[in-house]
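Undergrad: Would you mind keeping the following structure in view while I ask a few things?
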Amino acid sequence: MVQLRPRLFTLPPVSVAIACLLLFCSDSAFGQRPPAGGRGGQPTLGSSTVSLSVNVRNASGIPLDGVSLVTLVSSVGSYHQTATTRDASTAIFDGIPAGEYDVEASYPGYQTATDHISVNGIGSTMQVFVYMVAESDKNSPRAPGKSLVVSPRLQAEIDKGLEAMRKRQFEAARTHFSKGLLLAPGNPDLSYLVGMAENGLSHVDLARKNFEHALTIDPTHERSLLALGELQLRNGESEAAVATLEKAFLKNGAGWRTHLLLASAYAKAGRLADAETHARRAGELGREKGAGGYLLLGEIQQAEGKLPEAKLTWEETVAKFPGDPSAAEAKKKIESLSAPQAVAPVPASPEGAALASLPVPTTPAIELLPAKERPWAPPDIDSREYALAKDASCSADEILPQAESRMKAQLKNFEKFTATEHIEHQEIDRLGRPGQVKSRDFSYIVFVNQFADDSLFLDEDRHSTGGGSSFPTSLATTGLNNLGVSVLQPVVRGEFSYQCEGLASIRGKATWQIRFEESKNVTTAVREWQREGKIYPIAIKGRIWLSAASFDVLRIETDLLEPIEILGLTRDHLVVDYGPVNFAASNATLWLPWDAEMHMELKGHRYHHKHYLTDYMLFGVDTNHKIGKPKNAPAPTTQASPAGDPN
């Protein structure tokens with residue numbers, strides 16, 4: 001099977017070399033070797049033509065009410081047909097031969113949507129989804145390889161501002177962040193931080209303006225969306241808060257904090273069924289921090305007149321979180337249920353007294369947290385979820401062969417790729433504050449190999465383009481490869497469980513969201529660490545997002561299945577974004593990694609790595625190594641923004 005072997009070397013006196021991989025990629029890794037054998041087989045092509053259903057949805061995955069116009073054009077050949085959508089906003093194209101197609105969908109009030117469809121002939125029917133974005137939503141798809149420059153002077157202002165925020169010296173913090181904003185007016189993090197300082201000074205209107213300004217720069221900026229939504233909620237703007245927080249959920253997914261704010265916003269707006277759902281998810285995803293979610297859930301149930309359910313919820317809060325302030329409040333709520341006024345149902349309208357009394361939850365978007373609770377890394381994959389379409393069922397057993405076939409079709413004619421790799425390294429202190437960015441550029445080569453008759457293996461080599469040959473620090477990333485490829489290979493299927501969770505949206509594209517988990521007791525893992533000659537298998541869990549039209553990989557996110565005590569590895573979170581790279585000489589478009597971001601906690605030390613891949617070049621197996629220059633290559637980048645969150 002494919003083995004990516006992250007090797008852990010002990011360097012004198014205490015330095016550590018690690019690997020984080022990411023071109024088709026995995027987290028910390030140090031190298032790899034091709035497996036000796038495999039299982040499974042090549043997907044078998046079914047009928048020569050298929051009946052293709054193109055489902056047109058809005059950005060939330062909901063079918064459009066009216067008739068959409070859908071045009072299907074073959075990438076090679078003369079096929080060019082137009083159809084209108086019918087039931088459930090679906091257009092049907094019969095007798096479609098296997099091949100590559102481009103689809104275009106139009107609907108009044110929405111931007112014209114275009115996507116690529118890969119029809120590989122597996123089965124007699126095929127269903128794809130195309131998402132449309134409203135004309136009013138000017139958010140453009142995320143650009144590849146984008147990094148913001150942070151000069152030493154800017155970094156110093158950020159650090160001083162964060163330290164002032166920690167001491168609750170908001171005026172000093174505002175001064176430092178404002179100086180930083182003058183140095184980097186296009187950095188949304190700086191606008192957000194100025195807004196946080198203004199909020200600390202109780203300048204609510206100025207805080208709002210800064211959050212809104214951050215969102216004009218980056219409409220998906222998660223911290224600004226949450227902060228703005230909470231300000232709107234506290235100001236009684238329930239519907240506006242719902243819209244802002246729903247956008248945060250749709251664009252970035254939701255952890256327990258986002259669900260808690262959404263629950264309160266829905267309740268204030270009178271949408272109690274939605275409020276109950278999100279309050280419950282806030283409690284469940286919050287785990288040891290879920291007391292506030294369960295307390296709010298009971299209050300919402302009381303507002304709905306569900307008094308027995310409310311009592312059970314508060315009793316659960318007291319039992320699960322005995323030392324939490326919410327438990328004491330829940331005890332008071334239970335006692336209040338025996339009072340005479342609690343016998344009658346509580347009004348459920350937005351103007352009802354119970355709804356008016358529902359609290360706005362205190363969350364890290366606005367209120368400062370103790371240092372020990374300050375987030376320094378994204379949540380574990382099981383602590384964040386993403387908005388899914390309600391009526392789009394899926395099966396991993398059907399989707400994975402499509403993705404595998406698509407990948408093989410792209411890679412079969414190519415021998416290797418080259419790219420420029422930009423690596424940035426930061427250490428993060430115990431207060432969650434990022435340190436200095438250290439970076440290095442490399443020339444990166446990936447070789448495409450086939451093995452076990454039905455699987456692919458990617459090997460790599462790397463050479464520094466600067467004055468030195470080493471990585472920015474002793475914490476090194478030395479293995480760009482394979483996870484996005486490995487997870488889809490037949491050779492590893494027996495070691496993983498897969499579950500298609502539903503239809504999500506990534507960068508405005510309809511995507512199948514598939515959760516995977518490696519066997520806990522696997523003896524030869526996809527990722528392995530080696531230390532002092534001994535190999536340690538590292539079991540992982542994660543999600544992979546596959547285009548619902550072409551089955552290309554858009555994103556993969558992984559975490560440790562459980563901490564590795566013998567290595568002192570307690571956190572290893574990786575996100576890799578993939579996108580199309582066009583090569584003019586060969587007229588080819590391949591889906592390759594754009595960038596990756598890793599957060600690691602090793603023996604009590606915290607690290608943050610970013611990788612950017614640019615300037616791709618392609619070598620074909622039958623072109624005598626002629627090089628194709630990508631015509632849409634991402635621009636080279638310098639240092640990334642390390643602006644931290646004072647929370």
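The values are calculated or read from the model by the stated rules, or taken from the named source; none is laboratory data. All values derive from a computational prediction rather than experimental measurement. Note: ideal-geometry Cβ built from the backbone for every residue, glycine included; neighbour counts use all protein chains shown. When the accessible area is computed, the model is the full protein with side chains, heavy atoms only, and any ligands, DNA or RNA have been set aside. Shrake-Rupley method; radii C 1.70, N 1.55, O 1.52, S 1.80 Å.
Undergrad: Using 0.36 nm times the number of residues separating E239 and L201, minus their current alpha carbon distance, what extension gain do you get?
TA: Values: separation 38, 0.36 × 38 = 13.68 nm, distance 2.60 nm.
Contour length minus Cα-Cα distance gives 11.1 nm.
Undergrad: Please report, to one decimal in angstroms, the Kirkwood hydrodynamic radius of the stretch 194-283 built from all distinct Cα-Cα pairs.
TA: 12.9 Å
Undergrad: Within the stretch 400-434, which residues have the backbone N less than 16 Å from the label spot 7 Å out from N449 along Cα→beta-carbon, could you tell me?
TA: 415-417
Undergrad: For the stretch 235-281, what % of the accessible area comes from carbon and sulfur atoms, probe 1.4 Å? Numbers along the way, then the final one.
TA: Working: 720 of 1550 Å².
Ligands and nucleic acids excluded, carbon and sulfur give 46 percent.
Undergrad: Separate question: Between R430 and D94, what is 0.36 nm times their sequence separation minus the Cα-Cα distance? Round to one decimal in nm. Please report the intermediate quantities before stating the final value.
TA: Working: separation 336, 0.36 × 336 = 120.96 nm, distance 5.99 nm.
Contour length minus Cα-Cα distance gives 115.0 nm.
Undergrad: Can you tell me the order of 179-189, 540-550 when each peptide is scored by its average per-residue count of other Cβ atoms within 10 angstrom, highest first?
TA: Values: 179-189: 18.7, 540-550: 24.4.
Ranked from most to least packed, the peptides come out as 540-550, 179-189.
Undergrad: Can you give me the P(r) profile for the stretch 274-341? Cα pairs, bins 10 angstrom wide beginning at 0, each as a whole percent.
TA: Cα pair-distance distribution for the stretch 274-341, in percent: 25, 57, 17, 1.
Undergrad: Right, here's the next one. Beta carbons within 10 angstrom, averaged per residue: use that to sort the peptides 331-337, 250-256, highest first. Show your work: numbers first, answer last.
TA: Working: 331-337: 14.4, 250-256: 21.1.
In decreasing order of mean packing, 331-337, 250-256 become 250-256, 331-337.
Undergrad: Calculate the all-directions average of the projected area of the stretch 229-324's alpha-carbon convex hull, and give it in nm². Kindly include the intermediate steps, with their values, before the conclusion.
TA: Details: hull surface 22.9 nm².
Projected area, direction-averaged: 5.7 nm².
Undergrad: Roughly speaking, to the nearest percent, how much of the stretch 90-226's 1.4 Å accessible area is carbon and sulfur? Before the final figure, lay out the partial values.
TA: Details: 3280 of 6210 Å².
Roughly 53 percent, rounded to a whole number.
Undergrad: Order the peptides 383-394, 295-306 from the highest to the lowest mean number of other Cβ atoms within 10 Å of their residues. Please list the in-between numbers first.
TA: On the way: 383-394: 16.6, 295-306: 24.5.
So the order, starting with the most tightly packed, is 295-306, 383-394.
Undergrad: Then there's this: Kindly report, to the nearest 10 Å², the accessible surface of K320 as traced by a 1.4 Å probe over protein heavy atoms only.
TA: 110 Å²
Undergrad: If I ignore ligands, DNA and RNA and count only protein heavy atoms, how much of Y616 is accessible to a 1.4 Å probe, in Å² to the nearest 10?
TA: Its accessible surface works out to 0 Å², give or take rounding.
Undergrad: Quote the accessible area belonging to W529 in square angstrom, nearest 10, computed with a 1.4 Å probe and with ligands, DNA and RNA left uncounted.
TA: Taking all protein chains as shown, W529 has close to 0 Å².
Undergrad: First measure r as the distance between the Cβ atoms of E171 and S106, then evaluate 1/(1 + (r/R0)^6) with R0 = 56 Å and state the FRET efficiency to the nearest 0.05. Can you show the working numbers first?
TA: On the way: r = 52 Å, r/R0 = 0.93.
E(calc), rounded to 0.05, equals 0.60.
Undergrad: While we're looking at this one, here's another question. Under a Cβ-only charge scheme (Lys and Arg +1, Asp and Glu -1), can you give me the dipole magnitude of the stretch 57-191 about the Cα centre, in debye to the nearest 20? Before the final figure, lay out the partial values.
TA: On the way: 12 positive and 14 negative charges, 194 e Å.
Dipole of the stretch 57-191, to the nearest 20 debye: 940 debye.
Undergrad: Determine the per residue accessible area of the stretch 198-322 with all protein chains present and a 1.4 angstrom probe, expressed in square angstrom. Mind dumping the intermediate values first?
TA: On the way: 4700 Å² over 125 residues.
The answer is 38 Å² per residue.
Undergrad: Among S51, S224, what's the order by accessible area (1.4 angstrom probe), most exposed first? Don't jump to the answer; show the numbers that get you there.
TA: Details: S51 35, S224 0 Å².
From most exposed to least exposed: S51, S224.
Undergrad: Here is a further query. If I model a spin label as a point 7 Å beyond the Cα along the Cα-Cβ vector, how far apart are those points for E501 and T125 in nm?
TA: Going by the 7 Å Cα→Cβ label model, 2.7 nm.
Undergrad: Give the ranking of F249, F417 by solvent-accessible surface, highest area first, calculated with a 1.4 Å probe. Working shown, then result.
TA: Working: F249 30, F417 5 Å².
Heavy-atom accessible area, descending, gives F249, F417.
Undergrad: Distance in nm between label sites at N587 and T570, each 7 Å beyond Cα in the beta-carbon direction?
TA: Modelled inter-label distance: 5.7 nm.
Undergrad: For K520 and V67, compute 0.36 nm times the residue count separating them, minus their Cα-Cα distance, and round to one decimal in nm. All intermediate terms of the calculation are to be shown ahead of the outcome.
TA: Values: separation 453, 0.36 × 453 = 163.08 nm, distance 4.89 nm.
The K520-V67 span can extend by a further 158.2 nm.
Undergrad: Report the label-to-label distance for L388 and T114 in nanometres (one decimal), using points 7 Å from each Cα along the Cα→Cβ vector.
TA: Result for the modelled spin labels: 3.2 nm.
Undergrad: Given a 1.4 Å probe and heavy atoms of the protein chains only, how would you sort E222, E276, largest accessible area at the top?
TA: Numbers: E222 55, E276 30 Å².
Listed by decreasing accessible area, they come as E222, E276.
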